[in-house]
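Below: the structure, in C-alpha cells.
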Amino acid sequence: MSVEDAVPADASGDFQVGESTIENNTMSMLGSFQEPPAGGDGPSAAMDAPGSPASGAGGAGAGAAADSAANTVTTLNATKLESKPDDKLIKVKGLDKQQLCIDLLMVGCVQSFVDFFYITHRKTPPNENNLAESEAKDVVIPEETLMFLKETLEVAESARRSSNYQHCFESYNTLAEYFEKVPDLKSSMYFYQRCADVASEVDARESIAKAFLNLGSCEEQGSNWQSAMNFHEKALQIATSADSLPLQIKAASRLTQVYQVLAEGCEKEGRDSDATALYERCKDCAQLSKDANLEGVACHKLGLSKYKTGFFDEAIDLQKQYLDICRMHDDRVGESAARGALAQAYEAVGGTQEAIKQLENLLNVASEAGELKAQASACLNLGILYNGRGDHEKSVELLEQHFDLARQIGDRKLIDSARVVLGMVRGNGKIKSYIELVNNDLD
C-alpha cells in the first residue's frame, strides 16, 4: 500500500501524532535561534532522529529559552493578526534566513520552521587537512534554494494538516531528490526520513519501502555500506510484507551489490568465513532480483569463496551454475571465468583429466572472445598439468604459447615469469633425456 491508498486513522483534521514533540522542538529551536550557544551546532539532533525533541541546555538556561520562545510566538501571532491576509514575503536580494524562518511561523508552519532551521544552520565539515585551524561555518545555500526549500516545506506541512498524505509525501520526496542531486546527502537523507515518517503514520508500506530504499542509496553514495545494508534489508522486508514484487526486485538488486562490497571487504581483511556468509546472502538476493547476470556473478563469487575455504565440491556445483547461465546468455567472458574456476576446483579434488578438459575449452572460448589474459592463464595451467603427467612436448608447446601471449599483453612481470617457467620445463626435459642417455650407456 502506498501513501496515496492509505486511509488515516484520524481524518478529522491535523495530525495528532507528534504534536507535543513539535512544540518541544519549536521552543528549543526558537531559544537557540535567538540566543545561539557559543560553538554550538544548532538543532543537530533533528538529523539523528527527525521529529525528536532537540536537546536543550537544561536547568535555568532551558527555562529562559522556553520563556523567550513563548514570548516570540506570542509576538509573532499578534503581528500575524495585524497583517493583511494577502501579505507575502518579498523576494529581494539579500534575503536572510531569519526572515524566512519568521515567515514560516507567521503562517503557522511550526514543523516546517524546525526543518528549515536545521537545514539552513548546519555546519560545514571540518577541514581534514588542517583540523586545528579549520572553523565550522554555516553551509552556504543559494537564495533561490532557500525560497524553494521554504515554499516546499510549507506545502508539505499544509498537506499534512489537511490529511493529504500523498501530497505531503511527494513534497518531502521532491526536497530529498533535489538535495541528493546537489549533492547534499545529509539533507537528502533528512527528507527521505521525513517521507518514511509520513508513510509510517498511515502504514503505507510501499511508500515506507521506497523511502528506505532511497536512504540506503544515499548511504551507498557515502560508502556507508553497513548502514546501506540495514536500510535495504528493511525495505526488502516491508516490500515483501506489502506483496510488492517491483519493490522486492529493486531492494534485492541493491542488496546483492551491497553484500558483494561487504564480502570483498571481509576478504581483504582475511575474514574468509564472514565473506562466504555474505556471498551466500548475495546469491539469495540475486535470485530474488530476477536478474540472471547478478545471479551468475553471485554464484561465481560464492564458488571462489567456497574454494578458498576448502569446500571444493560446493565450489564445483556453484561454478557449474555460473557456466550454465553464461552459456545461456552467450557470455564468453563469463564462461572463461567459470571454466578457469572449475579447472582449479577439479584439480583440488584430484580430477586432473576433468581439469584439463575445462582448460582446453577455456582456451577455445577465450580465443574466440579475444581474452588474452584468459588464454595465457589457460596455457600456463595446461602446460603445468601436462608436465605433471610426463607429456614434455605438449607442456613445452603450451608454455611457449603462454610466453607469446604474455609478450602480446605487454606485462613485464608476466613476461619474466613466463620465461622462467618455460626455461625450467625445457631444462627438466633435457635433464631427463640426459639421465636416460647415461643410464642406457651404463647398461
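The values are calculated or read from the model by the stated rules, or taken from the named source; none is laboratory data. Quick caveat: nothing in here was measured; it's all calculated off a predicted structure. No Cβ is skipped: glycine too gets one built from the backbone with ideal geometry, and neighbour counts run over all protein chains shown. The accessibility values were calculated without ligands, DNA or RNA, using every heavy atom of the protein model including side chains. Shrake-Rupley method; radii C 1.70, N 1.55, O 1.52, S 1.80 Å.
Screening segment 331-435 for helices (runs of 4 or more DSSP H) wholly inside it with 3 or more residues that are free of Cβ contacts under 8 Å to residues at least 40 places away in the same chain, loosely packed, with under 14 Cβ neighbours inside 10 Å and not charged (D, E, K, R) returns no ranges.
Could you check, for segment 214-225, whether at least one of its residues is more than 26 Å from His121 (Cα to Cα) and either in a helix (DSSP H, G or I) or among the polar types (S, T, N, Q) (or both)? Don't jump to the end; show me each part of the working.
From segment 214-225, those more than 26 Å from His121 (Cα to Cα) are 225; that's our starting set.
Narrowing further to those that are either in a helix (DSSP H, G or I) or among the polar types (S, T, N, Q) (or both): 225.
Yes, the conditions are met somewhere in segment 214-225.
Going by the conditions given, is Ser336 within 28 Å of Asn428 (Cβ to Cβ) and not hydrophobic (A, V, I, L, M, F, W, C)? No, not satisfied.
Yes/no matrix, rows are residues, columns are (1) modelled with pLDDT of 85 or more; (2) open to solvent by less than 70 Å² (accessible area, probe 1.4 Å):
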| residue | (1), (2) |
| --- | --- |
| Val110 | yes, yes |
| Phe117 | yes, yes |
| Ser134 | no, yes |
| Leu146 | yes, yes |
| Thr152 | yes, yes |
| Val155 | yes, yes |
| Phe169 | yes, yes |
| Lys186 | yes, no |
| Phe191 | yes, yes |
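Any idea which of Ser207, Ser187, Ser163 is of a type outside the set (Phe, Trp, Tyr), farther than 23 Å from Ala242 by Cα and touching a residue at least 60 places away in the same chain (Cβ under 8 Å)? Don't jump to the end; show me each part of the working.
Numbers: Ser207 fails: farther than 23 Å from Ala242 by Cα; Ser163 fails: farther than 23 Å from Ala242 by Cα.
Matching residue, one of Ser207, Ser187, Ser163: Ser187.
Looking only at segment 262-293, residues that are under 20 Å from Gln237 (Cβ atoms), basic (Lys, Arg) and either in contact (Cβ under 8 Å) with a residue 60 or more places away in the chain or not in a helix (DSSP H, G or I) (or both) come to 1 in all.
In the condition set (1) more than 19 Å from Asn293 (Cα to Cα); (2) polar (S, T, N, Q); (3) open to solvent by 70 Å² or more (accessible area, probe 1.4 Å), Ser227 is compliant with all but (3). Against the criterion of being open to solvent by less than 30 Å² (accessible area, probe 1.4 Å), in contact with a Lys or Arg (Cβ under 7 Å, 6 or more places away or on another chain) and closer than 27 Å to Ala338 by Cβ, Ala286 does not qualify.
Would you mind stating whether Phe179 is without any contact (Cβ under 8 Å) to a residue 24 or more places away in the chain and within 20 Å of the chain's Cα centre (by Cα)? Even if it seems obvious, please write down each step before you answer.
Working: without any contact (Cβ under 8 Å) to a residue 24 or more places away in the chain: yes; within 20 Å of the chain's Cα centre (by Cα): yes.
Judged against the criteria, Phe179 is a match.
Does segment 263-276 contain at least one residue that is under 14 Å from Ser305 (Cα atoms), among the basic types (Lys, Arg) and open to solvent by less than 50 Å² (accessible area, probe 1.4 Å)? No, segment 263-276 contains no residue that is under 14 Å from Ser305 (Cα atoms), among the basic types (Lys, Arg) and open to solvent by less than 50 Å² (accessible area, probe 1.4 Å). So is Tyr307 in a helix (DSSP H, G or I), within 26 Å of Ala355 (Cα to Cα), open to solvent by less than 50 Å² (accessible area, probe 1.4 Å) and among the aromatic types (Phe, Trp, Tyr) or not? For Tyr307, the condition - in a helix (DSSP H, G or I), within 26 Å of Ala355 (Cα to Cα), open to solvent by less than 50 Å² (accessible area, probe 1.4 Å) and among the aromatic types (Phe, Trp, Tyr) - is not met. Here's a check for you: in segment 235-253, which residue that is farther than 16 Å from Asp291 by Cα and polar (S, T, N, Q) is nearest to the chain's Cα centre (by Cα)? Restricting to residues being farther than 16 Å from Asp291 by Cα and polar (S, T, N, Q), the top hit is Gln237. Only residues that are of a type in the set (Gly, Ala, Ser), open to solvent by 30 Å² or more (accessible area, probe 1.4 Å) and part of a helix (DSSP H, G or I) were counted in segment 310-330, giving 0. Within segment 200-207, can one find any residue that is aliphatic (A, V, I, L, M) and either open to solvent by 20 Å² or more (accessible area, probe 1.4 Å) or in a helix (DSSP H, G or I) (or both)? Scanning segment 200-207, I find no residue that is aliphatic (A, V, I, L, M) and either open to solvent by 20 Å² or more (accessible area, probe 1.4 Å) or in a helix (DSSP H, G or I) (or both), so the answer is no.
So which of Leu372, Leu399, Leu363 ends up being within 23 Å of Tyr307 (Cβ to Cβ) and modelled with pLDDT of 80 or more? Step through it out loud before you land on a result.
Working: Leu372 fails: within 23 Å of Tyr307 (Cβ to Cβ); Leu399 fails: within 23 Å of Tyr307 (Cβ to Cβ).
None of the others qualify; the one that does is Leu363.
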